[in-house]
1. Hey, among the residues in the stretch 380-429 that are β-branched (Val, Ile, Thr) and within 27 Å of Ser258 (Cα to Cα), which one's surrounded by the fewest Cβ atoms within 10 Å (Cβ to Cβ)?
2. Any idea which residue in the stretch 31-73 is surrounded by the fewest Cβ atoms within 10 Å (Cβ to Cβ), counting only those that are assigned to a helix (DSSP H, G or I) and among the β-branched types (Val, Ile, Thr)?
3. Find the residue count for the stretch 293-339, including only residues that are at pLDDT 90 or above and of a type in the set (Val, Ile, Thr).
4. Hey, could you check the stretch 434-492 for residues that are of a type in the set (Lys, Arg) and assigned to a loop (DSSP other than H, G, I, E, B) and say which is modelled with the lowest pLDDT?
5. From the list Ala191, Ala122, which one is in contact (Cβ under 8 Å) with a residue 12 or more places away in the chain and assigned by TED's automatic domain parsing to the domain that holds Phe68?
6. Cβ-Cβ distance below 9 Å, separation of 6 or more or different chains: which pairs start in the stretch 349-366 with a residue that is under 17 Å from Arg271 (Cβ atoms) and at pLDDT 90 or above and end on one that is among the basic types (Lys, Arg) and surrounded by 12 or more Cβ atoms within 10 Å (Cβ to Cβ)?
7. Write out, first by first residue and then by second, each pair whose Cβ atoms fall under 6 Å of each other, whose residues are 6+ apart or on separate chains, and whose first residue, in the stretch 5-28, is of a type in the set (S, T, N, Q) while the second is not in a loop (DSSP other than H, G, I, E, B).
Amino acid sequence: MIALTVEFLAGRFHATPWDRSVNEGEVEWPPSPWRLLRAIVAAFYLLGETDTASLSRLCDRLASAPRFILPPATAGHTRHYMPLDKPGKTGLVLDAFVRFAERHACAHIIWDDVTLSSDEHALMTRLVGAIGYLGRAESWCKVTIDSAPPEVHGGLFPVELASRGGAAGEGPIVRRLGPNADTRGNGLLAALCETTDAMRKRRSTVPAGTTWLAYRFPADYGRDQVAAIRVSKRADFTPRMLRFRLEIPEKGIALLPSVTETLMVGEIFRRTVLSVQGRRNGGQNTPLFTGKTGFGQPLTGENHAYYLPRDRDGDGRIDTVDVYLPRTFSHDEYRTLVSVSCLYGGAFRLEANEAILVTFMGDAPAGESRRWRSATPFVLPRFEKIRGTSDDRHVIDSPADQIRRELSHRKLVDVEVAVERGAAARIPLRGGRTVFAGNYRRVRRRDGLADGPSREAVVATLTFDRAMRGPIAIGRYAHFGLGQFLPIEDGA
């Protein structure tokens, strides 16, 4: 076994993944095995070593995929407007990085099946000692050889190849570049020395002799571990739903948002919560509100907040927002929520300096019933498909199938699903009025662009074999208010 300890002296790691643009804001964490080998080769020439045969044998030894033990970290970036060739013109450049909880955090890289001779060990000791940075030049580091890696404990996280059962098959997978199995000896050394110009002349975005390795993170990596996120991590509150009332200012002339703008209100409420928490915690947000890990990986399942706009009086206008917190949360997160006092946004069509007022009302009932009906349209996560030959055509991923699949993710099974679609898909309001499900906004807009095609919206009635407790919100954009169901006894 051979193990390296990489101490990051500035508390940050800067590196852009292979095959990605710097302005995509992605960070190559953990460092790819190919990057580690290139750093060792660069140190060889930096020290003026001449025994390339020994270097080639060392690279062959390290060509197998290592495993990692990583410190707690989260992703961040800064934005710079750099001068262009034209006078007075600038271009936006992102500098993405990984920030560690401690300034001198250490990452450990382990090759379990590698043994080195005394000469190879001495050569590797000299080479890793000459590595001053890893990735971009801002990633100052000190690299040493360890006799054994540390034990994994609460402050460290194992990252292993997904094919070896990394992180017990739970966390997100990332691609990292490594040598392919056929590239060894002088061929591997030549590939490690290939320049970017030579790579581009081959019209390739990755070096020759490489392959992609799939590493799996632990499911909780990059969430609440970084000390810079100054929030309490204690489980002070059990899961619950909090209600907020929306009001127009006394002298305001605007109207409350239409129910068809449920998605927009959910987005703006979430954005406001993140703004409040960012101001309270030095720009840091917790995954409970963002719905993402510290590395931007979307969280799955019911482990982050649902923002559920509601029309409680049936007049076609959104008058409350229920925030459902499906896991335990801290006092700091509670104070963040109840500190929301108003919503701003041009999408509300408000006058200058006008805002929608927000009043915290307290806990909201979740509801319980055997029968539930759509309060907002269920937007299909996938497109319906037709399969089979002309003699045996059949539909897969029908709306009912997708609803059952979404409910099964919440362990809600044994349900009858009655779907209304097309002109029949209507949401009831007060006085016998209805709203066509297709009139609801069904696409989020980011930087003025839609994040995907509009999906079909349907209305459904769910009948379970026993009483189920709410809230129930499923489907595309369920965390922003679409796909809500209410118990029929509630008058929905």
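1. If we take residues in the stretch 380-429 being β-branched (Val, Ile, Thr) and within 27 Å of Ser258 (Cα to Cα), then Val419 is surrounded by the fewest Cβ atoms within 10 Å (Cβ to Cβ).
2. Taking the stretch 31-73 and keeping what is assigned to a helix (DSSP H, G or I), we get 33-46, 52-61.
Subsequent filtering for residues that are among the β-branched types (Val, Ile, Thr) retains 40-41, 52.
Numbers: Ile40: 22, Val41: 20, Thr52: 13.
Among those that are assigned to a helix (DSSP H, G or I) and among the β-branched types (Val, Ile, Thr), it is Thr52.
3. Going through the stretch 293-339 one residue at a time, the tally reaches 6.
4. So the residue we want is Arg444.
5. Ala191
6. Val358/Arg245
7. Thr5/Cys106; Thr5/His108; Thr5/Thr144; Thr5/Asp146; Thr16/Val22; Asn23/Leu94
The values are calculated or read from the model by the stated rules, or taken from the named source; none is laboratory data. All of these numbers come straight from a predicted model, not from anything done at the bench. Because the Cβ atoms are built from the backbone with ideal geometry, glycine has one as well, and the counts that use them run over all protein chains shown.
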